[in-house]
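Everything on this sheet refers to the single structure shown next.
Nothing in this text is a laboratory measurement; each read-out follows from the coordinates by a stated rule. Given the structure is predicted, the values throughout are model-derived calculations rather than measurements. Methodologically, a virtual Cβ is constructed for each residue, glycine included, from the backbone with ideal geometry; neighbour enumeration extends over all protein chains shown.
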Amino acid sequence: MRTNKALILVAAELTTGMQKINDSLREISKICPILASSAVYKRYHNNRKEDLNSEICSVILLQTEFSILELADLLRKFSGSRSDRSELVVRILSFGDEVRLTPSIPLPNPALHSDYLVLKCATEIYGKYLHPVLGKTLDEILAGLNTGELIEFFAQPKALFK
């Protein structure tokens, strides 16, 4: 059976998010080996550091023998909606070199090249990943992306697995 590497976003609101991420990664690691994880970063929604309305984000790299549909189905149980910030968000960002233009599982996910924080996290752990649509590595895409977004380091990757 063919194995694929998949980049997965995990994000949650600041106040209860770290525990939700810890719990979900513990369960995900029982399904697929986690090869690497980025540091955890905090994104301020209102670009003001004193605002507690923020989220924490990290990206993990999985190795899996599941198909994209099987993996998506397994990960769906961990994720809430992106609009409800109290929920944990788990999204597949890439799956090998697969390209899908479906609304339910777009691959690579547009956030992988357009969301500075998601791209920064993914580049930390898999900067040499060649984006199958843009034909550039994540390192190259990050170098060309300008942002005014307020983000900051929150926790080391090992904090995700406590």
Task: Hz values of 3J(HN,Hα) by residue in the range 115-122 - Karplus curve (6.51, -1.76, 1.60), Gly and Pro given as x - done: 9, 4, 5, 4, 4, 4, 4, 5
TODO: Among Ser38, Ser114, rank each residue by its count of other Cβ atoms within 10 Å, from fewest to most, as a rough exposure measure.
DONE: Ser114, Ser38
Task: Cα-Cα over 24 Å, subset of Lys20/Lys136; Lys5/Lys128; Lys30/Lys158; Lys5/Lys77; Lys136/Lys158 - done: Lys20/Lys136; Lys136/Lys158
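What's the ranking of 140-152, 61-73, 117-129 by average number of surrounding C-beta atoms within 10 Å, highest first? Spell out each step's value before the answer.
Values: 140-152: 12.6, 61-73: 16.5, 117-129: 20.8.
Top of the packing list down: 117-129, 61-73, 140-152.
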- [ ] Mind giving me the nanometre distance, one decimal, between the label points for Asn22 and Thr147, set 7 Å out from Cα along Cα→Cβ?
- [x] 2.6 nm
- [ ] List, in order, the whole-Hz ³J(HN,Hα) value for each residue of the range 5-17 obtained from phi through the Karplus relation with A = 6.51, B = -1.76, C = 1.60 and θ = phi - 60°; use x for Gly and Pro.
- [x] 9, 10, 8, 10, 8, 10, 8, 7, 5, 4, 5, 10, x
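What relative contact order, as a whole-number percentage, does the range 4-161 give when Cα pairs under 8 Å and 6 or more residues apart are counted?
Details: 306 pairs, mean separation 49.1, N = 158.
Relative contact order for the range 4-161 comes out at 31 percent.
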Open item on the list: Quick check on the chain: helices-only [θ] at 222 nm, where DSSP H runs of length 4 and up contribute -39,500 (n - 2.57) each and the sum goes over total residues. Nearest 500, please.
Closed with: -8500 deg cm²/dmol
Task: Dimensions (Å) - the chain, Cα atoms, principal axes, largest first - done: 49, 35, 29
